[in-house]
1. Answer rounded, prolate or oblate for the stretch 1-123, using the Cα gyration tensor with square roots of eigenvalues a ≥ b ≥ c: rounded when a/c is under 1.5, else prolate when a/b is larger than b/c, else oblate.
2. Quick check on the chain: what does the Kirkwood estimate of hydrodynamic radius come out to from the alpha carbon pairs, in Å?
3. So in the chain, what percent of DSSP beta bridges are antiparallel if you round to the nearest 5?
4. Using label points projected 7 Å from each Cα along Cα→Cβ, tell me how many nm separate residue 169 and residue 126, to one decimal.
5. Can you show me the helix-derived [θ] at 222 nm for the chain, built from DSSP H runs with n ≥ 4 at -39,500 (n - 2.57) apiece and divided by the number of residues, rounded to the nearest 500.
6. In nm, give the distance between the simple-model label positions of residue 87 and residue 188, each being 7 Å from the Cα along the Cα-to-Cβ direction.
7. Counting pairs of alpha carbon atoms under 8 Å apart in space and at least six apart in sequence, what relative contact order in percent does the chain give?
8. To the nearest 0.05, what FRET efficiency results for residue 109 and residue 14 with a Förster distance of 22 Å applied to their C-beta separation?
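Just so it is clear, none of the values below were taken in a lab; they were calculated from the coordinates. Model, not experiment: these values are computed from the prediction. FYI the Cβ positions are ideal-geometry reconstructions off the backbone, even for glycines, and counts take in every protein chain you see.
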Amino acid sequence: MNDAQPIVLPKPREVLRPDFFFLDVEASGLHETSYPIEIGWSDDALNAWSFLIRPEPDWGMGDWRSAAQEIHGISRERTMDEGISVHEAVERLNSTLGGKHVFSDAHRQDLLWLRRLYVAANARIEFTLVDETQAAAMHIRSGEYVIPMLLQRYSEAHILAEKHYPHTHRAAEDAIGMAAAFRMTADADFYEEVAAFDRSTWPPLGF
């Protein structure tokens, strides 16, 4: 009988950059009049939060795409039953993310959905959404250049993140994936912990 305990994926013990958050939006589709249905965000200690959004009366079935539902697995009925109002959604976002650096891996598209949410709530976005590739540079930039060694780790960190924190098209989990890639780039200890975990799994990446 094998009594070996499974190896658990490492998790940072504390937040490195309390002013950094990573955000993802799921939506009713990818067309121009689609609307947000789920928003999730994570800090760099991989703590994540999310909520579903109850569609506004003018966010109708005409702007819902079954192809999008097949990807994220969220039905419109579920958003109606479990979603919060647009007013509560923007209050939560602004109270948590206001004044912070917020990163997204599809920041232009996510910003369009955020704007539709905030217009519906007659509110103002109190944070700036930035491409997630800028997070590491903002953290590790020294003078006029970025340390070359950390650029190499940036590439390896994203490979590890894609393997162990895969993109699932659910907002909280996808935000965690972005946060993990950043944290492994900025935090050598966490990078080594995840790399060691990877070497204990199959197939290892072989760094």
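1. oblate
2. Final number for the Kirkwood radius of the chain is 18.1 Å.
3. Numbers: 13 of 21 bridges.
Antiparallel bridges make up about 60 percent of those DSSP assigns within the chain.
4. About 3.4 nm, to one decimal.
5. -14000 deg cm²/dmol
6. Here the answer is 5.2 nm between the modelled labels.
7. Numbers: 344 pairs, mean separation 53.3, N = 207.
Reported relative contact order: 26 percent.
8. Details: r = 32 Å, r/R0 = 1.45.
Efficiency computed from Cβ-Cβ geometry: 0.10.
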